[in-house]
1. Write out, first by first residue and then by second, each pair whose Cβ atoms fall under 8 Å of each other, whose residues are 6+ apart or on separate chains, and whose first residue, in region 11-26, is over 17 Å from residue 57 (Cβ atoms) while the second is surrounded by fewer than 13 Cβ atoms within 10 Å (Cβ to Cβ) and hydrophobic (A, V, I, L, M, F, W, C).
2. Being part of a helix (DSSP H, G or I) and at pLDDT below 80 is true for just one of 3, 19. Which residue is that?
3. In region 22-38, what residues are out of contact with any helix residue (DSSP H, G or I) (no Cβ under 7 Å at 6 or more places or on another chain) and either surrounded by 12 or more Cβ atoms within 10 Å (Cβ to Cβ) or modelled with pLDDT of 85 or more (or both)?
4. Only residues that are at pLDDT 80 or above, assigned to a helix (DSSP H, G or I), farther than 19 Å from residue 13 by Cβ and not acidic (Asp, Glu): list them for region 45-70, please.
5. Does residue 100 fit the bill of being among the hydrophobic types (A, V, I, L, M, F, W, C), buried (at least 16 other Cβ atoms within 10 Å of the Cβ) and modelled with pLDDT under 80?
6. Can you pull out the residues in region 71-80 that are under 15 Å from residue 51 (Cα atoms) and either in contact (Cβ under 8 Å) with a residue 60 or more places away in the chain or not in a helix (DSSP H, G or I) (or both)?
Amino acid sequence: NEEDNDGYLIDIIKKFNIESEKNNWDIQLISKPYSSSNNVEDYNLYLEKSFKNKNVDIDLFIFNHVYLKHYSNYLQNLRLYFSYEHLNSYLTETGKQTNIYNSHIYSFVNIYLSFIIIIIIIIIIID
């Protein structure tokens, strides 16, 4: 049920934030900062406004790969940060179709509910 899934994700976020603080990672995960609804349009609107506002610092975010082309201007090519072997160990055949755009790899793991995996889903740097 959806409430159980939300509780599970919130628990993962809390655990990650505790680890982040203990290890001085300077990363904080926030769940649903855009609205109290689960509306995709609200989330996309929140992201668009955040990307355009240079004062908002977003390092990681989760998005549906349908929007990869739309968000590609805000994303870093993971080929610059990870070895070919490392990327290949995570990039499935489906992943190659959904995570690569213009020969850039923007993510290499599909969403799994584990705070370790959340970190490596996507890296974004807004300058």
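1. 12/113; 13/30; 19/25
2. After applying the criteria, what remains is 3.
3. 22, 23, 24, 25, 32
4. Correct list: 45, 49, 51, 52, 66, 67, 68, 69, 70.
5. no
6. Residues satisfying the conditions are 75, 76.
The values are calculated or read from the model by the stated rules, or taken from the named source; none is laboratory data. Computed from a predicted structure; not experimentally measured. Neighbour counts run over all protein chains shown; Cβ positions are idealised from the backbone, glycine included.
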